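This report refers to the structure that appears directly beneath it.
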Amino acid sequence: MSEQKRLQAQDFKLKDNYTWQELLDIFYFLRSEQGCPWDQKQTHQSIRSNMIEEAYEAVEAIDEQDPAKLKDELGDVLLQVIFHAQISAEDQEFEMQDVINNLAQKLIRRHTHIFAEDSAKTEQDALNTWQKNKIKEKGQKTIADSLEDVPKSFPALSKAYKVQKKAAKVGFDWDNAEDTIAKIFEELNEVKQAKQTSDLNLELEAGDLLFAVVNYLRHLQIDPEIALNRATEKFQNRFRILEQMIKQDSLKIENLNLVELDKYWEYAKLEEQDASR
């Protein structure tokens, strides 16, 4: 730390290659009294949403199969790790080296089929071993403990997906995807009934419906969070095309009825399909 404190702004230059320590030095300096006013003021709480945002942007780069973008977004994810580690170091809780040590130890402890007495011939065997060791480390004595281990801050679809996967590991699951379809219609009918009777449980019934849909998608090996994001982006793109078409026809979108808008929507779908060929 003493060497870092003697660093000055002029010590940092743009160049092609940096070491891990140089990266940490740059960020340490930004948090120092000589550094950036914004970086200096941040806390774990003030930047906690950034971790989620940067992770989603990295996933987007993966979906787009854009290596240059992924490289940049992974750097932003790493920045969040360094940021939180530096804040904790200043509070004398832990340092970046402790994060590295903890991760290395975890990898060895949980890969007992590689570094200890367990064996794993298949991908599923390896995953089962990881989960067994994870449960042991966390002191989880019941399946309910495992289900409640899903972070409360998870997006709702991701949380439902992860909880269902954990329950499925002990056999609490439908045999196949088709079995879950009946459950979707059952929950849909309960939503309709709750709506007709002005039932105060309408929100809860709606949640059960979404939970059933997540279950179906899980059986299809589809991540509902990613699927819904893609559907939303598709809607945004089509709506932009629809709006452009209406403008080209010298019309105003707010003056059109639903039937007219639906025709433009179908035109937008066709144009989107043509563009993707």
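The values are calculated or read from the model by the stated rules, or taken from the named source; none is laboratory data. What you are looking at is a predicted structure, and each value in this text was computed from that prediction instead of being measured. Reconstructed Cβ throughout: ideal geometry from the backbone, glycine too, with neighbour counts over all protein chains shown.
How many residues are outside any helix (DSSP H, G or I) and more than 12 Å from the chain's Cα centre (by Cα) when one looks only at region 213-228?
Matching residues across region 213-228 total 3.
Among the residues of region 62-101, count how many are modelled with pLDDT under 95 and part of a helix (DSSP H, G or I).
Qualifying residue count for the region: 2.
Is there a residue in region 1-10 that is over 17 Å from the mean Cα position of the chain (by Cα), of a type in the set (Gly, Ala, Ser) and assigned to a loop (DSSP other than H, G, I, E, B)?
no
List pairs: first in region 213-226 and free of Cβ contacts under 8 Å to residues at least 40 places away in the same chain, second in a helix (DSSP H, G or I) and among the β-branched types (Val, Ile, Thr), Cβ under 8 Å, 6+ apart or cross-chain?
Note: pairs meeting the criteria are 213/184; 216/180; 216/181; 216/184.
Pick from region 40-53 the residues that are more than 19 Å from the chain's Cα centre (by Cα) and in contact (Cβ under 8 Å) with a residue 12 or more places away in the chain: which of them is surrounded by the fewest Cβ atoms within 10 Å (Cβ to Cβ)?
My answer is 43.
In region 229-257, which residues are exposed (fewer than 13 other Cβ atoms within 10 Å of the Cβ), over 35 Å from the mean Cα position of the chain (by Cα) and either part of a helix (DSSP H, G or I) or assigned by TED's automatic domain parsing to the domain that holds residue 59 (or both)?
247, 248, 254, 255
Of all residues being surrounded by 14 or more Cβ atoms within 10 Å (Cβ to Cβ) and more than 11 Å from residue 163 (Cα to Cα) in region 133-149, which is modelled with the highest pLDDT? Just the residue, please.
Taking the candidates together, the pick is 133.
Do we find that residue 72 is among the charged types (D, E, K, R) and touching a helix residue (DSSP H, G or I) at 6+ places or on another chain (Cβ under 7 Å) in this structure?
No: the conditions fail for residue 72.
Sort out which residues of region 126-143 are of a type in the set (A, V, I, L, M, F, W, C), closer than 18 Å to residue 116 by Cβ and in contact (Cβ under 8 Å) with a residue 12 or more places away in the chain, and write them in order of number.
Selection gives 126, 130.
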